[in-house]
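Asks: Have a look at the structure that comes next, please.
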Amino acid sequence: MIRLFKNFTKRDILYIIISIILIVFQVWLELKMPDYMSEITRLVQSEGNTFNDIVIQGIYMLLCALGSLVAAILTGYFIANTAASFSYHVRKKLFNKVEKLGIDEVKHFSTSSLITRTTNDITQIQMFISMGLQLMIKSPITAVWAVTKILDKSFEWSAVTGLAVIILLTTVIILMIIVVPRFKIVQKLTDKINGITRENLIGIRVVRAFNAEKYQEDKFEKTNNELTNILTFNQKMFAIMQPIMYLVLYSLTLSIYFIGAKLINDAMMVDKITIFSNMIVFSSYAMQVIMSFLMLAVIFMMLPRAQVSASRINEVLNTKESIVDGKGVNKKVEVGTVEFDNVSFKYPDAEDYLLENISFKVEKGQTIAFIGSTGSGKSTLINLVPRFYDATLGQVLVDGINVKEYTEEELHNIIGYVPQRAVMFNGSIKYNIKYGRNGKKEVSDEQINEAINIAQASDFVNSLDKKIDYHIAQGGTNVSGGQKQRLSIARAIARDPEIYIFDDSFSALDYKTDLSLRKELKKYTKDATVLIVAQRIGTIMNADKIVVLDNGKCVGMGTHKELMKKCKVYKEIALSQLSKEELENE
C-alpha cells in the first residue's frame, strides 16, 4: 500500500498536512474540555464563587466544542478531496497500464479480474483513505496526549485503564488473525462473480437457446453463496467487537467511579473535593483513551481489505510488459514491405512452438494470403506484425526494419487491422469508422462514405434513419454479424494505411458480397500491402502469394495454380470447398 501512496499529488500532500494541523487543533480542544469541566466542579463545590464564574467556564467549553466541530468539518473536506484525487490518479494509472500490457498478460489476469481491480479494489482503498486517514492521524495523537494528562492522577485508575486497553487490543489482534486471510478469498470470489455475470450477459442468446438458464443460475448461486458465507462470517466476527467495546467502556467507567468513591471515602475532608474533581477529569480522559483505541480498531477492520486490494492493484502495476516500445524509426529502408525472417513463436510457459521457421516477404502493392486447418497458427502469425505478440526466434520486418525498433504508435499508424471478431464501440457509425488516431489529419465525411462504399456497407447504412450518425450499441448488438464485419473493414480502409491485415474478416459475408468487396478492395489497395487470413479458397485464389500452414509449419507457398500442382494440403482444402470445374473456371 505504501507504493500506492506515491500517487499522492503535491496538492494531496498539502491537504494532508493541513488536515494534520486541524486534527491536532481538534484534539487539543477536545482534551481541553475536561479541564473546564474540572474547574466547574471545583467552583460548584467551593464557597465564594458566583454564578457568572461558572457560566464563563461553560462558555469556554461550548467554544471548544464549536471549534472542534469546525475543525472536523474542514478535515473531512480536505481528506475527502485527497481520497478522490488519489482514486482518480491510481485508476488512470491502472487503466493506462492495462492498455500497455500484452495480450498474454491480460489473459493471465482475466478481463473480469482487471475490471474488479479497476473498480472495486480502488474503491476499497478510497474508503480507507477517506475514513481511515482521519482516524489513523487522530487516534494516536489523542491516545498519547490523553495518557500524558492522566498519568499523575492515580495509579489505581491508570492500572484499570491499561487493563481495558489490553483487553481491546487482544480482541482486535485475534479478530485480525481470523479475518484477514478471508479478505483475499473475498476479492477472488468477487472476480469470479464478475466473470460469471459477464459470461452470462455476453452469451445470453446461447443460454436461452439451450435452455441453460438453470445451469447458469446454479453456477452463479454456488459462487454467490460461497462469497456470502465468507462475508457473513467476517461481519459476525466484527460484530463481536461492538459488545466487547461497550462492555469494556462501561466497565471502565464503573471501575473509575468505584475506585474514586473508595478514595473519597478514605480521604480527609480537605482532599475530597480535589479527588472528586480528579475523578471527573480522569473519567473523561480515560474515555478519550478508550475511544482512541476503538478508532484504531475501526482502522484495523478496514485495513486488511484495503491491503488486499492494494496488493492486487500493485500486482498489475508491477507486471513487466512483454511488449516494450522501440526507440523509434527516423528513416525507413523500404516502403510497404512485410518480411518474416525464419520466425518461430511459442506462448510463454508453453513447451512446443506454435509456429516454426516461417520465412516469406511481400512487397508493396502485393497481396499475401494465409490458409490452413483450424489451429494451424494463421491468426497468430499475422498478430506478430502489429506486435500483439513478439516472435520467439527470428525477426518480423516492416518496411525493412524490425518491428521491435518501432514505437507502437509508429507501427500501428501504418497498419489497418481488421480482427477475426468484429468489434464495435458504443457510438455512431461515423465514430466507429473514424475511431482512433493514425498520425494523419481528421477523417472527413467523404472519406467515411467512400470507405463504407468500398466495404459494401452503403446499402444498409443508407437505409438507416440517421445514416452515418446512426447509433451503434456497445459490442454492435443492434447490427448483424455481416454488417459489423463490413463496418470493421470500412474502419481499416478509412485509415488509408500502408499495410492492411484481414484476420478471417470475410467469413460472415455471403459469397456475392465477398466477391464485390474483394474487387473494390483490390482497386483501392493497389498501392498497399495486404495480408489476408481466410478459410475460403474463393477469398484468396487471386492473391499474389499464398502461404499454406499445417501444424505451425509452412508446407506450401506460391500462387493458387502453383499450389494446386505441388501442395497436397492446399489441394485437399480447395477440393473440399469447390469442385474441379469451379477451380478451373476461377
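The values are calculated or read from the model by the stated rules, or taken from the named source; none is laboratory data. Quick caveat, the model's predicted, so the values are computed rather than measured. Ideal geometry is used to build each Cβ from the backbone, glycine not excepted, and the neighbour counts take in all protein chains shown.
Asks: Of the residues Ile59, Ile18, which is surrounded by 15 or more Cβ atoms within 10 Å (Cβ to Cβ) and hydrophobic (A, V, I, L, M, F, W, C)?
Replies: Being surrounded by 15 or more Cβ atoms within 10 Å (Cβ to Cβ) and hydrophobic (A, V, I, L, M, F, W, C) holds for just one of Ile59, Ile18, which is Ile18.
Asks: In segment 486-511, how many are among the aliphatic types (A, V, I, L, M) and over 12 Å from Val530 (Cα atoms)? Lay out the reasoning, then the answer.
Replies: Of segment 486-511, the ones among the aliphatic types (A, V, I, L, M) are 487, 489-490, 492-494, 499, 501, 508-509.
Those still in the list that are over 12 Å from Val530 (Cα atoms) too: 487, 489-490, 494, 508-509.
Selection size over segment 486-511: 6.
Asks: Right, Ser112: more than 30 Å from Pro348 (Cα to Cα), touching a helix residue (DSSP H, G or I) at 6+ places or on another chain (Cβ under 9 Å) and assigned to a helix (DSSP H, G or I) or not?
Replies: For Ser112, the condition - more than 30 Å from Pro348 (Cα to Cα), touching a helix residue (DSSP H, G or I) at 6+ places or on another chain (Cβ under 9 Å) and assigned to a helix (DSSP H, G or I) - is not met.
Asks: Hey, can you tell me all the residues within segment 463-495 that are touching a Gly at 6+ places or on another chain (Cβ under 8 Å) and assigned to a loop (DSSP other than H, G, I, E, B)?
Replies: Residue satisfying the conditions is Arg495 alone.
Asks: Which residue, of Val207, Val160, Val179, Val172, is in a helix (DSSP H, G or I) and free of Cβ contacts under 8 Å to residues at least 24 places away in the same chain?
Replies: Among Val207, Val160, Val179, Val172, only Val207 is in a helix (DSSP H, G or I) and free of Cβ contacts under 8 Å to residues at least 24 places away in the same chain.
Asks: For segment 348-378, how many residues are in contact with a Phe, Trp or Tyr (Cβ under 8 Å, 6 or more places away or on another chain), surrounded by fewer than 19 Cβ atoms within 10 Å (Cβ to Cβ) and not basic (Lys, Arg)?
Replies: Result for segment 348-378: 4.
Asks: Suppose we keep only residues that are surrounded by 12 or more Cβ atoms within 10 Å (Cβ to Cβ) and under 30 Å from the mean Cα position of the chain (by Cα) within segment 162-177. Which one would you say is farthest from Ile299 (Cα to Cα)?
Replies: Leu175
Asks: On to the next question. Quick check: is even one residue across segment 179-199 under 24 Å from Tyr246 (Cα atoms) and surrounded by 17 or more Cβ atoms within 10 Å (Cβ to Cβ)?
Replies: Yes, some residue in segment 179-199 is under 24 Å from Tyr246 (Cα atoms) and surrounded by 17 or more Cβ atoms within 10 Å (Cβ to Cβ).
Asks: Restricting attention to segment 7-44, which residues are among the β-branched types (Val, Ile, Thr) and modelled with pLDDT of 85 or more?
Replies: Scanning segment 7-44 gives Ile13, Ile16, Ile17, Ile18, Ile20, Ile21, Ile23, Val24.
Asks: Restricting to segment 450-459, what's the tally of residues that are more than 9 Å from Ala494 (Cα to Cα), crowded, with 19+ Cβ neighbours inside 10 Å and not small (Gly, Ala, Ser)?
Replies: Looking only at that region, the number is 2.
Asks: Suppose we filter segment 401-419 for residues that are in a loop (DSSP other than H, G, I, E, B) and surrounded by 15 or more Cβ atoms within 10 Å (Cβ to Cβ); how many remain?
Replies: Total satisfying the criteria: 3.
Asks: Using the structure shown, decide if Val90 is among the β-branched types (Val, Ile, Thr), within 30 Å of Leu189 (Cβ to Cβ) and without any contact (Cβ under 8 Å) to a residue 12 or more places away in the chain. Show your work before the answer.
Replies: Values: among the β-branched types (Val, Ile, Thr): yes; within 30 Å of Leu189 (Cβ to Cβ): yes; without any contact (Cβ under 8 Å) to a residue 12 or more places away in the chain: no.
Against the criterion (among the β-branched types (Val, Ile, Thr), within 30 Å of Leu189 (Cβ to Cβ) and without any contact (Cβ under 8 Å) to a residue 12 or more places away in the chain), Val90 does not qualify.
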